[in-house]
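The values are calculated or read from the model by the stated rules, or taken from the named source; none is laboratory data. Please read all numbers here as calculations on a predicted model, not as lab measurements. Cβ atoms come from the backbone with ideal geometry, glycine included; neighbour counts cover every protein chain shown.
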Amino acid sequence: QKEVEQDPGPLSVPEGAIVSLNCTYSNSAFQYFMWYRQYSRKGPELLMYTYSSGNKEDGRFTAQVDKSSKYISLFIRDSQPSDSATYLCAMSSGGSNYKLTFGKGTLLTVNP
Amino acid sequence: AAGVIQSPRHLIKEKRETATLKCYPIPRHDTVYWYQQGPGQDPQFLISFYEKMQSDKGSIPDRFSAQQFSDYHSELNMSSLELGDSALYFCASSFTGEQPQHFGDGTRLSIL
């Protein structure tokens, strides 16, 4: 079983829809949670960064972390065709552990 | 804002050849991370450096080595290349080893 599980989709929604993306994890040491957006042939672009549990909002994006359930979510409001990309969740325990552990990524298509 | 710069963007090599990938972190970032992303896969952590010292090590083959220089740029050296080394290689950087990590656009390595 992978440390981080993410539904690979693909997910197809109409423009303007609310999108919900989720990851579950098994390592209770994870404290840092990130969402990255990756367009084809480009590097992962940081969207949201959260430390420990809680919610964080940035424009149309909201990230939620529930450490008790080992579950994180990313919500995209008023989705746009330009949001079409692969979304990767990533986590780290911090301290002397520097690496990020990624989910497999969810391919999202927003149709005009 | 300045981002992580990787060179070359594309590299074609034959089996048993060597390759050197370069990474220039965001200004003031002192920590560099290397990841390998195979086709349709999530990025896998290879190695990281903080203040020019190796800080963490993942699933990096013995044929690969890396270092961070006094100007904080990093190089990933790959020898005895194999077909299975064909992948996207990403570099990321952060400040003082803390999250979040910011990624470059990667080097696409193709082994013929």
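Values computed for the structure shown
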read-out	value
Single unsatisfied condition, A:A63 versus (1) at negative phi; (2) free of Cβ contacts under 8 Å to residues at least 40 places away in the same chain; (3) exposed (fewer than 14 other Cβ atoms within 10 Å of the Cβ); (4) within 14 Å of chain B (Cβ to nearest Cβ)	(3)
Among the candidates B:D62, B:D30, B:D42, B:D71, residue that is more than 9 Å from chain A (Cβ to nearest Cβ), charged (D, E, K, R) and buried (at least 16 other Cβ atoms within 10 Å of the Cβ)	B:D30
Where A:S84 falls short, out of the listed (1) more than 10 Å from chain B (Cβ to nearest Cβ); (2) of a type in the set (S, T, Y); (3) in contact with a Lys or Arg (Cβ under 8 Å, 6 or more places away or on another chain)	(3)
A:Y87 closer than 19 Å to B:Q101 by Cα, part of a strand (DSSP E or B) and touching an Asp or Glu at 6+ places or on another chain (Cβ under 7 Å)	no
Residues (within 9 Å of chain B (Cβ to nearest Cβ) and over 12 Å from the mean Cα position of the chain (by Cα)) located in segment A:46-60	A:Y51
Hits in segment B:18-28 (condition: among the charged types (D, E, K, R) and under 11 Å from the mean Cα position of the chain (by Cα))	B:K22
Strands (runs of 3 or more DSSP E) contained entirely in segment B:13-112, each with at least 1 residues that are in contact with a Lys or Arg (Cβ under 6 Å, 6 or more places away or on another chain) and aliphatic (A, V, I, L, M)	B:19-24, B:44-50, B:87-94, B:107-111
Filter result (over 10 Å from the mean Cα position of the chain (by Cα), within 12 Å of chain B (Cβ to nearest Cβ) and not hydroxyl-bearing (S, T, Y)) within segment A:29-45	A:F30, A:Q31, A:Q38, A:R41, A:K42, A:G43, A:P44, A:E45
Residue list for segment A:91-112, restricted to those being at the interface with chain B (Cβ under 8 Å from one of its Cβ atoms) and not in a loop (DSSP other than H, G, I, E, B)	A:S92, A:G94, A:N97, A:T101, A:F102
Criterion (surrounded by 13 or more Cβ atoms within 10 Å (Cβ to Cβ), under 30 Å from B:P8 (Cα atoms), of a type outside the set (D, E, K, R) and modelled with pLDDT of 95 or more) met by exactly one of A:Y25, A:Y36, A:Y49	A:Y36
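Residue by residue, here is whether (1) within 27 Å of A:L107 (Cβ to Cβ); (2) at pLDDT 95 or above; (3) within 10 Å of the chain's Cα centre (by Cα) holds:
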residue: B:R16; (1), (2), (3): no, yes, no
residue: B:D30; (1), (2), (3): no, no, no
residue: B:Q36; (1), (2), (3): yes, yes, yes
residue: B:Y50; (1), (2), (3): no, no, no
residue: B:S55; (1), (2), (3): no, no, no
residue: B:A66; (1), (2), (3): no, yes, yes
residue: B:L76; (1), (2), (3): no, yes, yes
residue: B:D85; (1), (2), (3): yes, yes, no
residue: B:Y89; (1), (2), (3): yes, yes, yes
